[in-house]
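Novice: Pasting a structure here, questions to come.
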Amino acid sequence: MDCASCVQKVEAMVNRLPGTAEVRTSFARQTLKLELDEAQTPRATLEKNLLALGYTPSLQETAQSKAAQPPHEDHSGHDHAAEDHAGHVHEVLPAGTPWYRGKQGKLVIFSGVLLALAWGFGFIEPGLSVYGYVAATVLGVWPLAKQAWASARLGDPFSINMLVSLAAIGAVAIGQAAEGAVVVFFFAIGELLEGVAAGRARAGIQALAALAPKTALLVEGSGTREVPADSLQIGQTVQVRPGGRVPADGTILSGTSNLDDSPVTGESMPVTKTVGDTVFAGSINTDGVLSVTVEKEASDNTIARIIELVEEAEGSKAATARFIDRFSRYYTPGVVLVSALVALVPPLLLGAEWYPWLYKGITLLLIGCPCALVLSVPAAITSGISAGTRRGLLIKGGAALETIGTVKTVAFDKTGTLTAGKPRVTDVIGAGVSEGEVLRLAAAVESGSSHPLAQAITKEAARLNVTAPAAQDAKAIAGKGASASVEGRSLFISSPQHAASTLKLTPDLQGKLTALEEAGKTAVVLHSADAVLGVLAIRDEPREDAKAAIARLKEMGVNAVMLTGDNARTGRAIASGLGLDVQAELLPEDKLRLISELKKNGGVAMVGDGINDAPALAQADVGIAMGGGTDVALETADAALLRERVGDVADLVQLSRDTMTNIKWNIAFALGLKAIFLVTTLLGYTNLWMAILADTGATAIVTANALRLLGWKGGAVRKAPAPSGLPASGGV
């Protein structure tokens, strides 16, 4: 199932069956997922219908399917390579298999040989050449006719296979066997090219699935033992030797090394990582020996999540793709009707000769084949998503990819998004207690939090060997701070604004807070229910590429604004250095309100990484999560940036625009060629083989144009070269 027509055909058939729900197909993994009420439609009926369409089903067992499957049934023994594909022309070949070894490749070669022999006999014995052309036509049209009949029987009478079958059979019937043979030969070549192109687009995801090593060195006692990587459990420790791949997502316990993350994140240069840093399954350890604590099982590691996101992306169609789908439902029957009218009306009503008008009607059937049109959008979307994935830009669907390029405003969270998310404590001020006591109590309150500011406080305590006491009833107060019970009393770490609303701050303390904030530092107040105990100042530096990325967005006509819960002075200090607007002191609900207001001026993308950002990510037209963010942010967002670069936001916008430009050219190719050949056919200049060559040519051009996106580089605002023979346009 490796083309838009395949996916549409399967989904349409399955959706028509009673008792089916949640139908999802995956181009990348060649899978169909659905909920099936077998009381209404037995599984055997579903499998029989799939076989009739030319697809051999093989059950992928999951915990649910094993529980639901009767003990005596065994559906797992199907062999894709061994079973008959009922003439399915988009064959899925194992990676690295030459095209000529596949069933479709052999069909093209055999048909071509028959055509050549028939053409040769035309010089020796013209009467015999007709039989060669008829044989070549029958050979090529038989699998198409079988699928056309199956599709008609299952509710889709106006399929592409039906159009080609009618045209080829009609050509033989009116004595044009040679042209009928050429028709099915060119169509077979087009299908072969489409399958090869689909394989290229799919190869990136398949290669990604193969990145994670099959085995791991599990640390046990003083030694190691080799175990299957998919058997690793959270909390276990593995050893990664130089030259080896990291077997699981985790955190470095000991060792320092340079890791090549390019297979996963697209980061071109090795990154030095040491104790406490996160590593990804599939990354290559270039030099030192590392001990890594496993934090995610194989089914939930970064690679598995990327593949899952790409699969989800296929199910989310762009608005343009949905329009083309709706259009093709009426377009193909319309083509059949127009062809019938052209073939029948002049001879029946105007007394014209039958042969010329039957010939024109058959030619119109071929010209009207919507292959290139149907392929124009999904081929570009799939290539765009694949290109982005290889560069650490995960996009969850065609709808998101299309929308990203249209946004007028990008709203950024500050901490962990525009800044590196690695703040450090710069100042500790006591108010009635020592600085060490302030740090000790603050570390206790924040000990269970994963917020970057909380981690800065606990890391500073660890650096100075300050031991924090145990805390109970710790909880976060969204947009305000945190609280916990420490040594029998309730303590709070609050923003200055929240602290001022709870306690009376002295003018001296207010002055110190103002000075810290004007220096671009985030100040927090440690206090009990009735007294201030101290102040901590934390500084989080902007990411190195943030300023250039904001400037690049502005060059692209996209406004940038920072939305932060931090105080206004700190927000202004960071924003002024980056060259963007700022809205500060925001609670999560304030971000929602501001995004709604920004939407009045056009599409809005929100970029964030924390739990507090999840509602805003969902509220925006497009939510973009930084890859180092929380699972909540990643699940809520429409796209994710694995490399954690602000510049990747601009790359997302550029990729979207380039993809949509590619789609527009594809649609122009597909419809433009059809319009030209429609006119030339009615004027009598186009014959059958020219018509199918035009359709196959349009399919090849559209496919090749879409595949150009696989070489997309990003990184700069630029004018990309237009396809050969076309004027220049913005984007690929």
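The values are calculated or read from the model by the stated rules, or taken from the named source; none is laboratory data. Note that the structure is a prediction, hence the values are computed from the model and not measured. Neighbour counts run over all protein chains shown; Cβ positions are idealised from the backbone, glycine included. The protein model used for the area step is the full one, side chains on, heavy atoms only, and it has no ligands, DNA or RNA in it. Shrake-Rupley method; radii C 1.70, N 1.55, O 1.52, S 1.80 Å.
Novice: Report the calculated FRET efficiency for Ala548 and Glu220 (r = Cβ-Cβ distance, R0 = 60 Å), to the nearest 0.05.
Specialist: 0.80
Novice: Give me the lysines in straight-line cross-link reach of Lys504: C-alpha distance below 27 Å, same-chain residues under 8 apart excluded.
Specialist: Leaving aside lysines fewer than 8 places away in the same chain, those within reach of Lys504 are Lys475, Lys480, Lys512, Lys521.
Novice: Taking only the alpha-carbon positions of the stretch 365-408 and ignoring solvent, what does the Debye formula give for the base-10 log of I(q)/I(0) at q = 0.14, 0.25, 0.26, 0.33 Å⁻¹?
Specialist: The Debye formula, applied to the Cα set alone, gives -0.43, -0.87, -0.91, -1.13.
Novice: Mind checking the dipole of the stretch 325-427: about its Cα centre, +1 per Lys or Arg Cβ, -1 per Asp or Glu Cβ, Debye to the nearest 20?
Specialist: 500
Novice: With a probe of 1.4 Å, find how much accessible area the stretch 338-407 has per residue, and write the answer as a whole number in Å².
Specialist: That works out to 31 Å² for each residue.
Novice: Report, by chain and number, residues whose modeled amide H sits under 5 Å from the one on Phe412, excluding near sequence neighbours (fewer than 5 apart, same chain).
Specialist: The answer is Val561, Met562, Leu563, Val607.
Novice: Still on this structure, please answer the following. Quick one: pull the percent of accessible area on the stretch 633-694 belonging to carbon and sulfur, 1.4 Å probe, ligands and nucleic acids left out.
Specialist: Percent of accessible area from carbon and sulfur atoms in the stretch 633-694: 68.
Novice: Continuing with this model, one more query. Can you list the HN-Hα couplings for the stretch 213-225, worked out from phi with the Karplus curve (6.51, -1.76, 1.60; θ = phi - 60°), rounded to whole Hz and with x for Gly and Pro?
Specialist: Values per residue, Gly and Pro as x: x, 7, 10, 9, 9, 7, 7, 10, x, 9, x, 10, 9 Hz.
Novice: Order His451, His498, most accessible first, counting only protein heavy atoms with a 1.4 angstrom probe.
Specialist: Most to least solvent-accessible, the answer reads His451, His498.
Novice: Excluding ligands, DNA and RNA, what is the solvent-accessible area per residue of the stretch 498-546 at a probe of 1.4 Å, expressed in Å²?
Specialist: 44
Novice: Show the residues, 5+ positions off or on another chain, whose built amide H is closer than 5 Å to the amide H of Gln236.
Specialist: For Gln236, whose amide H was placed from the backbone, the distant partners under 5 Å are Val294.
Novice: Let me know the charge dipole size of the stretch 355-491 about its Cα centre in debye, to the nearest 20, where only the beta-carbon of Lys, Arg (+1) and Asp, Glu (-1) is charged.
Specialist: Dipole of the stretch 355-491, to the nearest 20 debye: 560 debye.
Novice: Excluding Val558 itself, calculate the net charge of residues whose Cβ lies under 11 Å from the Cβ of Val558, where each Lys or Arg counts +1 and each Asp or Glu counts -1.
Specialist: With Lys, Arg at +1 and Asp, Glu at -1, the neighbours total +3.
Novice: Note down the nm distance, to one decimal, between modelled labels 7 Å out along Cα→Cβ at Ala618 and at Leu344.
Specialist: With each label placed 7 Å out from Cα toward Cβ, I get 5.5 nm.
Novice: Around Thr419, which amide H atoms from residues at least 5 apart in sequence, or from another chain, sit under 5 Å from its own amide H, with H modelled in the peptide plane?
Specialist: Arg543
Novice: Could you run the Karplus curve 6.51 cos²θ - 1.76 cosθ + 1.60 with θ = phi - 60° over the stretch 581-592 and give me ³J(HN,Hα) per residue in whole Hz, x for Gly and Pro?
Specialist: Computed from phi, the couplings for the stretch 581-592 are 6, 9, 10, 10, 6, 9, 7, x, 5, 5, 4, 4 Hz.
Novice: Another question, if that's okay. Sorted by accessible area (1.4 Å probe), largest first, how do Glu191, Glu22, Glu297 line up?
Specialist: Largest accessible area first, the list is Glu22, Glu297, Glu191.
Novice: What list of ³J(HN,Hα) couplings, whole Hz, do you get for the stretch 342-357 from phi and the Karplus terms 6.51, -1.76, 1.60, once you set θ to phi - 60° and write x for glycine and proline?
Specialist: With the stated coefficients, the stretch 342-357 comes to 5, 6, 9, 5, x, x, 6, 9, 10, x, 6, 5, 6, 4, x, 7 Hz.
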